[in-house]
Amino acid sequence: RERAAIAMLESTLRQAETTQTERYLAPLVQAMQPAFTALFRGVTLEMDTQFALTGLTRQRAEEVKDLSDGTREQIAVLVRLGFAELLHKRGAPAILVLDDALSFSDSQRLETLFDVLADAATRLQIILLTCHAEQFAPLRGRMLGLRPMERFSAPG
């Protein structure tokens, strides 16, 4: 009897944990899903309780660690975009900063990502740092450049 009670308690606790996890992950997954769907048709996301994307299902379930470098890089950008979108929906200021992201992306996916980023730029500030400016020219953002200073002195 005690074993049955412990097994039932364990099952109930596991179910409660799953329900709560789904409840707090759902808004993030909902915020990320449109961008993921645009890039990966028919994809379903899987996240763990630490907010890490652990896998995705296209035609079959795939673990993130088994995906190509380009796909993992694109996923990393989309996850950051999802967090920024979630903050924006809650009325908090949101800025997405990308530092030489998407260097492993093929041209077709890059074009789709540009569409996703251009749409997000209507709601969020996106700062893209890169040493490959020509690759990102289709985004038509405000381009800033750096030039060496002739002389530099420390403030103070």
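The values are calculated or read from the model by the stated rules, or taken from the named source; none is laboratory data. Note that this is a predicted model, so its numbers are computed, not measured. Ideal geometry is used to build each Cβ from the backbone, glycine not excepted, and the neighbour counts take in all protein chains shown. Ligands, DNA and RNA are excluded from the accessible area calculation, which covers all protein heavy atoms including side chains. Shrake-Rupley method; radii C 1.70, N 1.55, O 1.52, S 1.80 Å.
Points worth noting:
- Carbon and sulfur %, accessible surface of segment 53-109 computed with the full protein complex present, 1.4 Å: 51 percent
- The slack between residue 30 and residue 44, meaning 0.36 nm per residue of separation minus the straight C-alpha distance, is 4.0 nm.
- Only Cα pairs under 8 Å and 6+ residues apart enter the sum, and on that basis the relative contact order of segment 71-156 stands at 31 percent.
- Simple Cβ-charge dipole of segment 27-72, Lys/Arg +1 and Asp/Glu -1, about Cα centre, in debye nearest 20: 180 debye
- Rolling a 1.4 angstrom probe over the protein heavy atoms with all chains in place gives the chain an accessible area of 72 Å² per residue.
- Extension gain for residue 90 to residue 107 (0.36 nm times residue separation, less C-alpha to C-alpha distance): 2.8 nm.
- Within the chain, antiparallel bridges make up roughly 60 percent of the DSSP beta bridges whose residues both belong there.
- Placing a label point 7 Å from the Cα of residue 119 along the Cα-to-Cβ line, the residues of segment 84-101 whose backbone N sits under 14 Å from it are 85.
- Whether segment 60-140 is rounded, prolate or oblate, judged on the alpha carbon gyration tensor where a/c under 1.5 counts as rounded: oblate
- Between 86, 143, 108, the Cα set farthest toward the positive side of the dipole of segment 71-152 (charges on each charged residue's Cβ, about the Cα centre) is that of 86.
- Here the chain is treated as an ellipsoid with the same Cα gyration tensor; its semi-axes, largest first and in whole Å, are 39, 20, 15.
- Segment 141-152 - phi-based ³J(HN,Hα) in whole Hz, Karplus 6.51/-1.76/1.60, Gly and Pro as x: x, 6, 8, 10, x, 10, 9, x, 8, 5, 9, 10
- Helix-derived mean residue ellipticity, 222 nm - over the chain, DSSP H n ≥ 4, -39500 (n - 2.57), to 500: -17000 deg cm²/dmol
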